[in-house]
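Just below is one structure, and these are the notes that go with it.
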Amino acid sequence: QVQLVESGGGLVQPGGSLRLSCVVSGSIFSPSAMRWYRQAPGKQRELVASITINSITNYADSVKGRFTISRDNAKNTVYLRMSSLKPEDTAVYYCNAVVRSVGYWGQGTQVTVSS
């Protein structure tokens, strides 16, 4: 059974940085696409960043230049490096991985940006 486990969330001051990690286990196949979503209170879940198996990346306009997505295929792990964090980045961040055309979700990790 495919499982995704996120880590790295926490409380950070505005302007600070965090790195999220998501490990995919339970499959002999590497995920094709890996994505980070976020959901703030009272808002819909939104796509933050995505990366293909060939490391082609895409970002939401709101995080371009501040966030960097990367992956380690040998470890079936995707990362999200977040810099210059703003209060509006506060949300639960979810990892999503597509394995043989099926999408899987992690449980989410809370990121709070506050002074």
Heavy atoms of SER21: accessible area, 1.4 Å probe, square angstrom to 10: 20 Å²
Show TYR93, TYR37 ordered by accessible area, largest first, where the area counts protein heavy atoms only and the probe is 1.4 Å. TYR37, TYR93
Length-normalised contact order of the range 1-45, Cα under 8 Å, at least 6 apart, in percent, tallies to 36 percent
On average, how much accessible surface per residue is there in the chain, in Å², for a 1.4 Å probe, leaving out ligands, DNA and RNA? 54 Å²
With a cut-off of at most 14 other beta carbons within 10 Å, and DSSP calling the residue loop, which trypsin sites (Lys or Arg not before Pro) in the range 49-115 qualify? Please list them. LYS64, ARG100
Tally Lys/Arg at +1 and Asp/Glu at -1 over every other residue whose Cβ is under 14 Å from the Cβ of SER83; what's the total? +4
Excluding ligands, DNA and RNA, the carbon-plus-sulfur percentage of the accessible area of the chain with a 1.4 Å probe reads 48 percent
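The values are calculated or read from the model by the stated rules, or taken from the named source; none is laboratory data. Only a predicted model underlies this, so the values are computations on that prediction, with no experimental measurement involved. Ideal geometry is used to build each Cβ from the backbone, glycine not excepted, and the neighbour counts take in all protein chains shown. Only protein heavy atoms, including side chains, enter the accessible area calculation; ligands, DNA and RNA are left aside. Shrake-Rupley method; radii C 1.70, N 1.55, O 1.52, S 1.80 Å.
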